[in-house]
Structures are given as C-alpha cells and as structure tokens.
Amino acid sequence: LSAVIDDSTAGVDVDVHLLASLDADACLDRGNWDAAAHLAAGTWYVVVDSYVSGGTEQAGPYTITMGRTIPNTGDCTMEEGWLDRVGDGGDALQMPATGLVSLEAHLVTVDDGYGTSASDPWPSSITESIGDHYDMSQEYTGFIMHRDQSWAPQEGCEYGQSAYGAKLPVEDEGWYVNMYWSDRPDAGTRMIVMNAQGQAVVAAAGYETGPGDLDYVGGVPEEVHYYLGTSHGSTLTLGFAVDQSLPLGPIQCD
C-alpha cells in the first residue's frame, strides 16, 4: 500500500502516515511526500497530519493518491554462472550476485512524446518534461509513489538515452536493471532483484550498462528501490531469471 501527497499550495506542508491502528506509536511509515508498507489483508489507516513550524500549523489543501500493488506470483529461480564486467581484469562476478545496488536515473520511453527511434528528438535537459514522464509511468504501471529522479545525464549521447540507443517500452523503463556487463544481454531479458526479506521485482535488463564502479553489482530505478524499501547503496541480490516468461514488476516468489 502506498500513499502520495501533493501539497503544492504556498505555506502548506502536510505529511502522510501509515498506521496499524489509530495510535501514533503504531506508525508503520511516514513521509513528507509519500509512505508505503507491505501489508497483509486487514484494516490499516492512512493519516494526513500538518507540519508545525514556529508554533504554526502548516495546514491547507492537498491531494492524496493511494495505490495497492498486488505482486504477481512465479518462480524466482536464478541462473548460476559467471558474468564478465568491463574492467574486471578477468575477475568475473559469480551470479546470482549480492552486493551494493545504485539508484539509476530515468530513461526516455516510446510514449514520452519524443518519437520512437534513436534519430528522433530527445529532452534538452535532465528535467525537461520529466513530470509528464512520472505521470505517464504511474498511469501505465499503476505503481503509486513520489518520483523525483531526473533523466539520465548525457554520457556521449542524449539526455535520457540508454546504451540501448532507442526509446524503451514504458513498462520496461519502470522496472529496469543494469549491470556493468561486458556483453550486454538482449533488451528485455528478465532478471530478479531481491531484498534480504525475500521481496522481489522482475526487472528488464539489456537497456543500460553501469554503474561504472565495480563496487556496485548493478543499478535499478527509484520504482524498484521504493517497492523493495531500499535506496542508493543498499544490498540486493541480482540474477537472471530461469523463467524468461515472467511478467515485469513485483513478484511473490513460489
């Protein structure tokens, strides 16, 4: 369950909380813009509370958007093997790999209004139309969260352009994963991204290469980190799914 607050009116600052009961000590998560928790069936509470500054409550109008994400179910078995990475000096990474995972920027999709091929226009900055991208991605994936990452920076290419070159499918961009592989897999190859609690996401590989720091085993966008309750530099497990027919997005592993 996730809840997102929009309190953009000047002087208004309200926060959102998820509670197990109507008791402040039963708070599961809170945030200035959003809050989320993995919950079983039952009764839970979403509370909006005004921030107090200098003894003055910052109350006022707001919009709250709530979403429920029910994971798919499937076999999360991951392939065993070795992965050659750029600059690893022949010291291949054993897969599945557990280690630090970075927070990655957004990539332009075929539905972002910039055309559908590598030769069509791209954003002129790291933030041009990024709000429209957030809205489009949320509508398509149904995943509710406060997004704030920019387009990928120019690294010998265009803003928001991946190593893949062309624009991505919307769903793949919302749930993508990258590694610093020497031989980039086919676009859309399914990988499993799993946290220490066994919560997992099926992610699309093959669109981006990185991060360049080999201390990181890979990277995922903010949607994947948010669902797994992790952040930049958190430890996650990455592996290629044995079942390449798995749908993208959150998964409850059999």
How long are the three semi-axes of the equivalent ellipsoid of region 4-50, in whole Å, if each is the root of 5 times an eigenvalue of the C-alpha gyration tensor, listed from largest down?
22, 11, 7
Structure-based [θ]222 nm, the chain - -39500 (n - 2.57) summed over DSSP H runs of at least 4, per residue, nearest 500:
-2500 deg cm²/dmol
Once both labels are modelled 7 Å past Cα along the beta-carbon direction, what's the SER119-ASP29 spacing in nm?
4.5 nm
Could you order the peptides 19-26, 109-116 from most to least packed, using the average number of other C-beta atoms within 10 Å per residue?
109-116, 19-26
Volume in Å³ per residue [convex hull over Cα atoms, computed for the chain]:
146 Å³
Peptides 223-229, 42-48: what's the order by average Cβ count within 10 Å, highest mean first?
223-229, 42-48
Taking only Cα atoms and a 10 Å spring cutoff, compute GNM fluctuations for the chain and point out the largest among THR189, THR65, THR98.
THR65
Return the long-range amide H neighbours of THR109 (sequence gap of 5 or more, or a different chain), with a cut-off of under 5 Å between placed amide H atoms.
LEU168
Spin-label proximity, LEU22 to region 43-62 - amide N less than 17 Å from point 7 Å beyond Cα toward beta carbon:
43-50
Calculated log₁₀ intensity ratio I(q)/I(0) where the Debye formula runs over C-alpha points of region 94-147, q = 0.13, 0.21, 0.27 Å⁻¹
-0.46, -0.86, -1.13
Phi-based couplings in Hz for region 58-67 (Karplus 6.51, -1.76, 1.60; Gly and Pro marked x):
8, 7, x, x, 7, 10, 10, 10, 10, x
Strictly under 4.7 angstrom between C-beta atoms: which cysteines of the chain have no such partner?
CYS27, CYS157
Taking every other residue with Cβ under 11 Å from the Cβ of LEU100 and scoring Lys and Arg +1, Asp and Glu -1, one gets -2
For the chain, calculate the relative contact order in percent as a whole number, restricting contacts to Cα pairs under 8 Å that are 6 or more residues apart.
22 percent
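Laboratory data are not the source of any read-out in this text; all were calculated from the coordinates shown. Predicted model, so just to flag it, every value in this text is computed and none were measured. We place every Cβ from the backbone using ideal geometry, glycine too, and count neighbours over all the protein chains shown.
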